[in-house]
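Visitor: Supplied in structure tokens, the structure appears directly below.
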Ligand SMILES: *Cc1c(COP(=O)(O)O)cnc(C)c1O
């Protein structure tokens with residue numbers, strides 16, 4: 001499907017249709033797993049998407065968006081109707097950009113080092129705010145990926161828990177690209193196990209309430225494996241044009 005050839009009206013209609021289909025599929029996957037569909041949050045991932053389409057998705061009921069890049073989000077933000085919609089940063093965050101973003105988003109899902117958490121803590125404390133975040137885990141242990149190595153997770157959580165101005169609300173992951181459903185399910189279920197394990201330990205100042213996993217190609221599998229928040233971009237807005 002070539003997006004360029006679609007009219008604006010068709011693109012608006014597609015967004016509405018896609019959101020409806022995705023909500024139905026999330027609900028079906030949740031039911032299959034014996035879960036309440038209302039417990040699963042649908043985030044619209046809006047990187048490269050123009051504000052008018054994002055605003056349309058919000059009019060169609062989307063109340064959470066995710067952006068990857070600080071600069072892109074800040075330049076689009078004045079045009080977005082965010083009164084009833086939250087925004088999370090989901091892309092890799094450089095420490096030198098922390099200052100610009102922390103008071104502009106509702107959560108940072110991509111905290112992947114003690115150093116980054118320390119910078120968030122420092123800046124948040126200076127502003128007198130508390131920044132909610134998720135710790136991003138590199139569940140496939142891939143060299144090329146962002147996210148924290150598994151073996152560092154518990155120690156990192158402990159260190160962040162001691163920092164003022166930053167509050168861990170859960171975990172986020174992007175699994176490796178999988179050839180088959182079996183390996184995909186293995187990564188998702190491993191992630192869920194870790195999430196439950198940390199939650200059961202009731203660590204001070206760590207609030208394990210959100211497990212963020214699942215994207216356009218795998219959100220149903222993620223929901224069946226315990227995801228609380230799926231981050232869906234291209235299945236809502238169409239293929240990204242960079
Ligand atoms: C782009 C992106 C998504 C959404 O990807 P789609 O495959 O388009 O749904 C989700 N999470 C993160 C961290 C992303 O960068």
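Read-outs throughout are calculated quantities, based only on the coordinates presented, and are distinct from any laboratory measurement. Only a predicted model underlies this, so the values are computations on that prediction, with no experimental measurement involved. For neighbour counting, all protein chains shown are included, and Cβ atoms are generated from backbone atoms with ideal geometry for every residue, glycine included.
Visitor: Of the numbered conditions (1) assigned to a helix (DSSP H, G or I); (2) in contact (Cβ under 8 Å) with a residue 24 or more places away in the chain; (3) out of contact with any helix residue (DSSP H, G or I) (no Cβ under 9 Å at 6 or more places or on another chain), residue 75 fails exactly one; give the number of that condition.
Guide: Exception for residue 75: condition (2).
Visitor: Quick check on my filter: what residues within region 228-240 are within 12 Å of the ligand (Cβ to nearest atom) and part of a loop (DSSP other than H, G, I, E, B)? Quick ask: steps written out before the conclusion?
Guide: Initial filter on region 228-240 (within 12 Å of the ligand (Cβ to nearest atom)): 229-240.
Of everything in region 228-240, those that are within 12 Å of the ligand (Cβ to nearest atom) and part of a loop (DSSP other than H, G, I, E, B) turn out to be 233, 238, 239, 240.
Visitor: Please state which one of 93, 74, 80, 64 is more than 20 Å from residue 117 (Cβ to Cβ) and within 16 Å of the ligand (Cβ to nearest atom). Even if it seems obvious, please write down each step before you answer.
Guide: Working: 93 fails: more than 20 Å from residue 117 (Cβ to Cβ); 74 fails: within 16 Å of the ligand (Cβ to nearest atom); 80 fails: within 16 Å of the ligand (Cβ to nearest atom).
Answer to the check: 64.
Visitor: Looking only at region 144-166, count how many residues are touching a strand residue (DSSP E or B) at 6+ places or on another chain (Cβ under 7 Å) and either more than 18 Å from residue 120 (Cα to Cα) or surrounded by 15 or more Cβ atoms within 10 Å (Cβ to Cβ) (or both).
Guide: Initially, region 144-166 is screened for residues touching a strand residue (DSSP E or B) at 6+ places or on another chain (Cβ under 7 Å), giving 145-150, 153, 156-157, 160-161, 165-166.
Filter once more, keeping what is either more than 18 Å from residue 120 (Cα to Cα) or surrounded by 15 or more Cβ atoms within 10 Å (Cβ to Cβ) (or both): 145, 147-150, 153, 156-157, 160-161, 165-166.
Qualifying residue count, region 144-166: 12.
Visitor: Sticking with this structure for a sec: Among the residues of region 167-191 satisfying the criterion of being farther than 15 Å from residue 156 by Cα and surrounded by 19 or more Cβ atoms within 10 Å (Cβ to Cβ), which is nearest to the ligand (Cβ to nearest atom)?
Guide: Filtering first and then ranking leaves 174.
Visitor: While we're on this one: In region 144-166, how many are in contact (Cβ under 8 Å) with a residue 40 or more places away in the chain and either within 16 Å of the ligand (Cβ to nearest atom) or within 14 Å of residue 191 (Cβ to Cβ) (or both)?
Guide: Filtering region 144-166 down to residues in contact (Cβ under 8 Å) with a residue 40 or more places away in the chain leaves 146, 150, 153-154, 156-166.
Add one more test, that the residue is either within 16 Å of the ligand (Cβ to nearest atom) or within 14 Å of residue 191 (Cβ to Cβ) (or both), and what stays is 146, 150, 153.
Matching residues across region 144-166 total 3.
Visitor: Among the residues of region 43-52, write down those that are within 11 Å of the ligand (Cβ to nearest atom) and outside any loop (DSSP other than H, G, I, E, B).
Guide: Taking region 43-52 and keeping what is within 11 Å of the ligand (Cβ to nearest atom), we get 43-49.
Of everything in region 43-52, those that are within 11 Å of the ligand (Cβ to nearest atom) and outside any loop (DSSP other than H, G, I, E, B) turn out to be 43, 44, 45.
Visitor: Any residue that is more than 17 Å from residue 43 (Cβ to Cβ) and crowded, with 20+ Cβ neighbours inside 10 Å - is there at least one of those in region 79-89?
Guide: From region 79-89, those more than 17 Å from residue 43 (Cβ to Cβ) are 79, 83; that's our starting set.
Narrowing further to those that are crowded, with 20+ Cβ neighbours inside 10 Å: none.
No, there is no match, as no residue in region 79-89 is more than 17 Å from residue 43 (Cβ to Cβ) and crowded, with 20+ Cβ neighbours inside 10 Å.
Visitor: Out of the residues in region 30-42 that are crowded, with 19+ Cβ neighbours inside 10 Å and closer than 19 Å to residue 134 by Cβ, state the one that is nearest to the ligand (Cβ to nearest atom). Walk me through how you get there before you give the answer.
Guide: Here is the first cut: in region 30-42, the residues crowded, with 19+ Cβ neighbours inside 10 Å are 30, 40, 42.
So of that shortlist, the ones also closer than 19 Å to residue 134 by Cβ come out as 40, 42.
Working: 40: 15, 42: 11 Å.
It comes out as 42.
Visitor: Looking only at region 192-216, which residues are free of Cβ contacts under 8 Å to residues at least 12 places away in the same chain and either within 16 Å of the ligand (Cβ to nearest atom) or part of a loop (DSSP other than H, G, I, E, B) (or both)?
Guide: 202 - this is the single residue of region 192-216 that is free of Cβ contacts under 8 Å to residues at least 12 places away in the same chain and either within 16 Å of the ligand (Cβ to nearest atom) or part of a loop (DSSP other than H, G, I, E, B) (or both).
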